Amino acid sequence: MRRPPRRRSAVFDSVTPLGLTARYLTLLLVLAITVGPMLWELATSLKSIAEDVYTASPRLLPQHPTLGNYGRVARLVPVGHFALNSVLVALADVTGNLVGATLAGYALARLPFRGRRLVVGLFLSTLVLPGEVTIISQYQTVAKLGLGDSLLGVGLPGMIGALNVLLMRNAFLAVPAELEEAAVIDGATVLQRLRFVALPAVRGTLSVIAILTFIGAWDDFLWPLLVLQSPGRLTLTVGLSYLRGAFSADPRTVAAGAVIALLPVLALFVTLQRYFFRGVGEGAVKG
């Protein structure tokens, strides 16, 4: 049974002045919502103390741009040390997800075993629950393992994610099965089929997982705040909270700290954006 043709929008799908105007207005609205706060933080971080950031008619562009707020952040908190802690946690999570999600996703996609659909259903069911529901049990597990107040305890719960496993499963399912069947005829083992046949076809999905995992570990605030107590082990997001004092806080300094925390994420995305956009489409053929 043939599907009826998709109805085209009279506004967005037509190349008319009205259609083009609607497209550009929509893009400008989305751009203002997503990029606007980042630009505002950047502009605030460059404003001098002489400028009033609480005025009723705020200005986006600073009248007297200065980098002094960034120097003040470096004087108030050990940014380099906190950033190193965040990098260690993020690298542990990225490595764990790339290895664990790859192996689990390949097993769910290609290796026949009893209860495979049940396991996939269990992975899907974990996506329904928000992270705050399991945070108490995670904390108890980490504490009983003796990993409290340690960077390993911060990174352990995020070293493999159910969503990443499902992404890798769909990516492997999109690889033609005939390629692996030919490798089986040639005598290739499971690991050889994974390494030489499947992995080269899903590099884009691996890049997506690496970027999203890094961003999630780098920006996480609640979990490191619960696990870490020693000032020397704080991650960057938790350490920058010291910029906001109990009685006063300079929004320029806070904005400078936020921009500092954002720079590594932007650098990573710019470096891997080619693989990211290619990997978004991988795994969309089969589900």
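General remarks:
- Of all residues in segment 50-67, those satisfying the criterion of being within 15 Å of Thr253 (Cβ to Cβ) and of a type in the set (Val, Ile, Thr) are Val53, Thr66.
- Residues within segment 196-236 that are farther than 12 Å from Leu98 by Cβ and either open to solvent by less than 50 Å² (accessible area, probe 1.4 Å) or in a helix (DSSP H, G or I) (or both), tallied: 25
- Just one of the numbered conditions (1) outside any helix (DSSP H, G or I); (2) surrounded by 15 or more Cβ atoms within 10 Å (Cβ to Cβ) is not true of Gly187: (2).
- Flag if Phe113 is of a type in the set (Phe, Trp, Tyr), without any contact (Cβ under 8 Å) to a residue 40 or more places away in the chain and out of contact with any His (no Cβ under 6 Å at 6 or more places or on another chain): yes
- Close pairs from segment 173-192: first charged (D, E, K, R), partner part of a helix (DSSP H, G or I) and at pLDDT 85 or above, Cβ under 8 Å, at least 6 apart: Glu180/Arg110; Glu180/Arg193; Glu180/Val197; Glu180/Ala198
The values are calculated or read from the model by the stated rules, or taken from the named source; none is laboratory data. From a predicted model like this one, the values you see are computed outputs, not experimental measurements. Here Cβ is always computed from backbone atoms with ideal geometry, including for glycine, and neighbour counts include all displayed protein chains. Ligands, DNA and RNA are excluded from the accessible area calculation, which covers all protein heavy atoms including side chains. Shrake-Rupley method; radii C 1.70, N 1.55, O 1.52, S 1.80 Å.
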